[in-house]
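Inspection log for the structure reproduced underneath, given as structure tokens.
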Amino acid sequence: MSALLDRHSVLLESLLEGLGSPLHVVLPEVFEQNVLALRDAFAAAGADADILFAKKANKANCYMRAAAELGIGVDVASAAELVNALAGGIPGRRIGISGPEKDDGLHALAVQHGCLVAVDSLSELRRLAATAERARATVRVLLRTRVSSQPRSRFGMAAEERHAATALCGELAGAVSLHGFSFHLAGYSTAERAVAANEMIDHCADARRHGSSSARLVDIGGGLPVRYVDPQRWSEFLAQNEPTQYHANKEFKDFYPYGGKSPGQAVRDLMGHPVDDRETLAQRATRDGIRFIVEPGRALLDQAGFTLYRVEQVDDRRGTDGYAIVTVAGSSFSLSEQWFDSDYLPDPILLPPHQAAEELFPSCVAGSTCLENDLLTWRKIAFPRPVRRGDHLVYLNTAGYQMDSNESPFHDAPLPLKVVLRGGDKNPPRWRLDRL
Ligand SMILES: Cc1ncc(COP(=O)(O)O)c(C=O)c1O
């Protein structure tokens, strides 16, 4: 990323001018490095783990191809995601299907392609079994289970329902084959995830006692954290954060933990977590013949993409309000943390690069829709020089959810294009549009 910005910013600017603002740039080589690093982290922690890339985190097809080439799987949560994963070259047996109460159409595709289905309720299990019976097939399933630390989650089965579903899997053995358990956990605590994973190992043992001999998979979900900024700077920021630093004194209650652990550290902490006074999670899993599934979205996309915007207008209110409002071509639907009523905090980089001026230029960044709340960055960023119409902003590390989770054709705007870029470090960069 640094090499691209240092040596090839002219190419980036010309791509943005030619293909329209905003423009997303996706870097499959970084995705590939992240996959290899995560594999190494699990191996070093002494754990057997299958990686399924959580497709919801980014719609680009290039990541599907990269996943297919590296032999990892994909986690999907809709028929459209499943179709795109298959079209990208991922075999059905390496596709996991998650999400609550999946419809019969998605079930039928899952059965036909031999996918692993995480079943969310007893009623879903009955419907899926009926679909498999009609197709004269056996479908591999995980039972999604509520964990003791988050008993009020809307996802997964509580203890009584899980017992009934485990027993039903035994009765429906020709149609469904119980391979293990999964869970949903909000938040990024590795200790809480380790405790939840350990509960799933108990459930596997229980299922095996009740006749499901293949119950040996524990799906620990996604939720591996990404470190966007240095932890020291992050805690300094939190200590002095206050509403006056945002446009219209907006108060944000919660942020993504931008200065958290790296994914590798999180894997070490998770697998090394003591489950009792004798064993770590990885050791207990090995003793019980358990294989993990991990479904990272954000962690595999760390630095694997960024977003460019062209500046349309600068409303310099420094004389009255103390800061400027920079309006860019495009909207916050292509970047923001709005689902979580939060702000995307990493500073954008201003292009073309210029020598820093004597004085910083504080400014928030707005989109060009007619919505008062359409701000890409509410926080007043200290730009190193005055921002001008025609400048470009680079928002870093946007591939994980930021780019396209909320993208919208509001105002009849076309959805932003994605450019796949390879090289740029040792070799000259090559680009193409991201298409199937
Ligand atoms: C079932 C499931 N798996 C994986 C993920 C990916 O999570 P993350 O991007 O935090 O790794 C999610 C996120 O919503 C999810 O719901």
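See the values below:
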{"quantity": "Extreme residue, surrounded by the fewest Cβ atoms within 10 Å (Cβ to Cβ), among residues of segment 2-29 that are under 19 Å from the mean Cα position of the chain (by Cα) and farther than 21 Å from Gly390 by Cβ", "calculated": "Glu29"}
{"quantity": "Criterion: over 26 Å from Asp75 (Cα atoms) and either more than 20 Å from the chain's Cα centre (by Cα) or without any contact (Cβ under 8 Å) to a residue 12 or more places away in the chain (or both) - qualifying residue of Arg284, Arg278, Arg291", "calculated": "Arg278"}
{"quantity": "Residue under evaluation Arg136, criteria (1) within 16 Å of the ligand (Cβ to nearest atom); (2) among the charged types (D, E, K, R); (3) surrounded by fewer than 23 Cβ atoms within 10 Å (Cβ to Cβ), criterion not met", "calculated": "(1)"}
{"quantity": "Test set (1) within 16 Å of the ligand (Cβ to nearest atom); (2) loosely packed, with under 15 Cβ neighbours inside 10 Å; (3) in a strand (DSSP E or B) - Asp315 fails condition number", "calculated": "(1)"}
{"quantity": "Residue match in segment 118-125 (condition: surrounded by fewer than 16 Cβ atoms within 10 Å (Cβ to Cβ), more than 29 Å from the chain's Cα centre (by Cα) and over 30 Å from Val226 (Cβ atoms))", "calculated": "no"}
{"quantity": "Filter pass, Glu192 being free of Cβ contacts under 8 Å to residues at least 40 places away in the same chain, in a helix (DSSP H, G or I), out of contact with any helix residue (DSSP H, G or I) (no Cβ under 9 Å at 6 or more places or on another chain) and in the same structural domain as Asp276 (by TED's automatic domain parsing)", "calculated": "no"}
{"quantity": "Qualifying residue in segment 78-101 (condition: modelled with pLDDT under 95, acidic (Asp, Glu) and assigned by TED's automatic domain parsing to the domain that holds Ala207)", "calculated": "yes"}
{"quantity": "Hey, Thr369 among the hydroxyl-bearing types (Ser, Thr, Tyr) and in a loop (DSSP other than H, G, I, E, B) or not", "calculated": "yes"}
{"quantity": "Residue within segment 219-240 that is assigned to a strand (DSSP E or B), of a type outside the set (Lys, Arg) and either out of contact with any helix residue (DSSP H, G or I) (no Cβ under 6 Å at 6 or more places or on another chain) or closer than 21 Å to Lys56 by Cβ (or both) present", "calculated": "yes"}
{"quantity": "Boolean, Ala173 is surrounded by fewer than 18 Cβ atoms within 10 Å (Cβ to Cβ) and not basic (Lys, Arg)", "calculated": "yes"}
{"quantity": "Candidate set from segment 286-302 (those that are within 16 Å of the ligand (Cβ to nearest atom) and either acidic (Asp, Glu) or part of a loop (DSSP other than H, G, I, E, B) (or both)); member that is farthest from Leu224 (Cα to Cα)", "calculated": "Asp302"}
{"quantity": "Segment 54-69, subset of a type in the set (D, E, K, R) and away from the ligand (no atom under 14 Å from the Cβ), residue nearest to the chain's Cα centre (by Cα)", "calculated": "Arg65"}
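The values are calculated or read from the model by the stated rules, or taken from the named source; none is laboratory data. It should be emphasised that the depicted structure is a prediction, and the values quoted were computed from it without experimental measurement. Cβ coordinates were reconstructed from backbone atoms using ideal geometry, including for glycine residues, and neighbour counts include every protein chain displayed.
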